[in-house]
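The values are calculated or read from the model by the stated rules, or taken from the named source; none is laboratory data. The model shown is predicted, which means the values in this text are computed figures rather than measured ones. Counting neighbours? That spans all protein chains shown, and the Cβs are built from the backbone with ideal geometry, glycine included. With ligands, DNA and RNA removed, areas are computed over all heavy atoms of the protein, side chains included. Shrake-Rupley method; radii C 1.70, N 1.55, O 1.52, S 1.80 Å.
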Amino acid sequence: MTHAAKTWLEYYELQEEGEKLFELRKDDRPYKVGDYFLSQEFDNEKNEYTGRELRYIITYILRDADFLGLKNGYCILQLKPIDY
């Protein structure tokens, strides 16, 4: 399964440089290890997508870790870049 997600400019740039290989997201989708994650650059000032995208595979998901400070209903996705 592929999960397409809006990614603000400053975070997209960090992903593109390889510095940010995780996502903190609401856990409102059926994320699974092995799923694809499509990061779509979004300009929140213009309220539009730029057309640039990065593709990843989800390699780990942290859930149910409120004892670590992760708010209930959220998850952290570990991402590995993939090339098409």
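Please state the shape class of segment 2-64: rounded when a/c is under 1.5, otherwise prolate if a/b exceeds b/c and oblate if not, all from the C-alpha gyration tensor.
prolate
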Query - Theoretical gain in end-to-end length, TYR49 to LEU14 [0.36 nm per residue, Cα-Cα removed] - result: 10.9 nm
Query - Charge-dipole axis of the chain as Lys and Arg at +1 and Asp and Glu at -1 on Cβ define it, positive-most pick from ILE61, THR50, TRP8 - result: ILE61
Query raised in the report: If the cut-off is 16 Å between C-alpha atoms, which lysines fall inside it for LYS20, apart from same-chain ones fewer than 8 positions away?
Result: LYS6, LYS80
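Charges at C-beta only: +1 for Lys and Arg, -1 for Asp and Glu. How large is the resulting dipole of the chain about its Cα centre, in Debye rounded to 20?
In debye, rounded to 20, the chain gives about 400.
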Query - Area accessible to solvent at TYR11, 1.4 Å probe radius, in Å² - result: 100
Report task. Counting only C-alpha contacts under 8 Å and six or more residues apart, can you give the relative contact order of segment 17-62 as a whole percent? Result -> 37
Query - Contact order normalised by residue count of the chain, Cα under 8 Å, 6+ apart, percent - result: 33
Query raised in the report: Between TYR36 and ALA4, what is the spin-label point distance in nm, taking each point 7 Å from the Cα along the Cα→C-beta axis?
Result: 1.2
**Report entry** Gaussian network model of the chain, Cα within-10 Å springs - most flexible of GLU53, GLU45, GLU13
**Finding:** GLU45
Requested in this report: Would you compute, from DSSP H runs of 4+ residues alone, the mean residue ellipticity of the chain at 222 nm, taking -39500 (n - 2.57) per run and dividing by the full residue count, rounded to the nearest 500?
Outcome: -2500 deg cm²/dmol
Query raised in the report: Over all distinct Cα pairs, what is the inverse of the mean 1/r for segment 30-81, reported as the Kirkwood hydrodynamic radius in Å?
Result: 12.7
Report task. Within the chain, what's the longest run with no trypsin sites (Lys or Arg not before Pro) in a DSSP loop and at most 11 other beta-carbon atoms within 10 Å? Give the range, please. Result -> 1-31
